[in-house]
Structures are given as C-alpha cells and as structure tokens.
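Working notes for the structure below.
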Amino acid sequence: MDSEVNMTRSILVVLLRAVAVIQIAMVAVNLSLVRVLGLNDSLARWPDAVRELFVVHLLGISLMVLTLSVLTLRFVSEIANRAHAICRWLAGAAALFWLLRAWLQLFYALNTQRPINQLHWFFTAVDGCLALVYGLAARGAGERN
C-alpha cells in the first residue's frame, strides 16, 4: 500500500512538473502573440484606453500563469504530497483557474463559430488537462504536519 501511494505521488510530481513547463511555454507564446500575429500596427490604431486594457490584461494573465508555474516547480513535492493545506488550496485555485479558462474558451467558441475549429478544441482540452492535474493534487486527506 505504501509503495502504491509513493508511485502515485511520483506520477503526480512528474505531471505537476509537466504542467508547470507547459504553462511557462504558454506564457512565452502569449507574450509573443502580438508580434507573431503582426498586431503592432493594429494596436497603435486602437483607442488608448482599449490598448491599455489589452496590454494590462495580457501582462496580468501572463504573470498569473507564470506565478502558478514557478510556485508549482518550487513546491512540487509538497503539492504532490498534499503536505499542507496551503498546497491543496494552491492546487485547487489553479484547477479552478484552468477549469474556468476551459469553460470560457469552449463557450466563447460556441457563441462565435459554427462549427468550432480544431484549435478551440485543442485549447479547451489543454486547459482541461491542466485543471485535472491540479485537481488531482488538490484532493486529499487533511494536513499531515
């Protein structure tokens, strides 16, 4: 039984590390989208308030995801072991964040595109997987210390 629990925790550590790396990649892509999509000229024509809102949102979401990544990498063992309540709360908050993101992605696509293209399904699936891994890390018994 003890080796089974250790194996599960080891798998969870690997999954959490993978999730953190995926999130860092998402931040890198997110921060380069304006340049990659050639939106610099379009952004310059937007009203100042809208452009400011766009940039603040872009940077805020990127910072939030990067923070989740860094905390996950730093405390991966504690989160996987569910050692403290704060670890379960962090994992639960991350799961909720990604679940909400998946829901928004899906329902935005449902309202704007018929049929939904494969990219929206892919993004929704990735968000759902991230939510699942964090959700697995969040569930568990009470504090052990």
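In the chain, the calculated helix contribution to ellipticity at 222 nm averages -29500 deg cm²/dmol per residue, counting -39,500 (n - 2.57) for every DSSP H run with n ≥ 4.
Phi angles across region 36-41 convert, under the Karplus curve 6.51 cos²θ - 1.76 cosθ + 1.60 with θ = phi - 60°, into 3J(HN,Hα) values of 4, 7, x, 8, 4, 5 Hz, Gly and Pro given as x. Ligands, DNA and RNA are left out, and with a 1.4 angstrom probe the accessible area of region 32-77 is 70 Å² per residue.
Dividing the mean sequence gap of close Cα pairs (under 8 Å, 6+ apart) by how many residues region 21-93 holds gives a relative contact order of 36 percent. Using C-alpha pairs under 8 Å with a sequence gap of at least 6, the mean separation divided by the residue count of the chain gives a relative contact order of 30 percent.
One entry in [x] 11, 38, 32, 15, 4, 0; [y] 11, 33, 31, 17, 7, 1, 0; [z] 14, 49, 32, 5, 0 is P(r) over Cα pairs in 10 Å bins from 0, in percent calculated from the shown coordinates; its label is [y]. The C-alpha atoms of the chain define a longest principal axis, and helix 118-138 lies at about 30 degrees to it. Neighbours of residue 71, meaning other residues whose beta-carbon lies under 14 angstrom from its beta-carbon, give a summed charge of +2 when Lys and Arg score +1 and Asp and Glu score -1.
Computed packing ranks the peptides 29-42, 125-138, 92-105 as 125-138, 92-105, 29-42, most packed first, by mean other Cβ atoms within 10 Å.
Farthest towards the positive end of the charge dipole of region 16-114, among the residues 80, 54, 37, is the Cα of 80, using unit charges on the Cβ of Lys, Arg, Asp and Glu.
The values are calculated or read from the model by the stated rules, or taken from the named source; none is laboratory data. The structure presented is a predicted model; accordingly, all values stated were derived computationally and were not measured. FYI the Cβ positions are ideal-geometry reconstructions off the backbone, even for glycines, and counts take in every protein chain you see. SASA here: full protein model, heavy atoms, side chains in, ligands and nucleic acids out. Shrake-Rupley method; radii C 1.70, N 1.55, O 1.52, S 1.80 Å.
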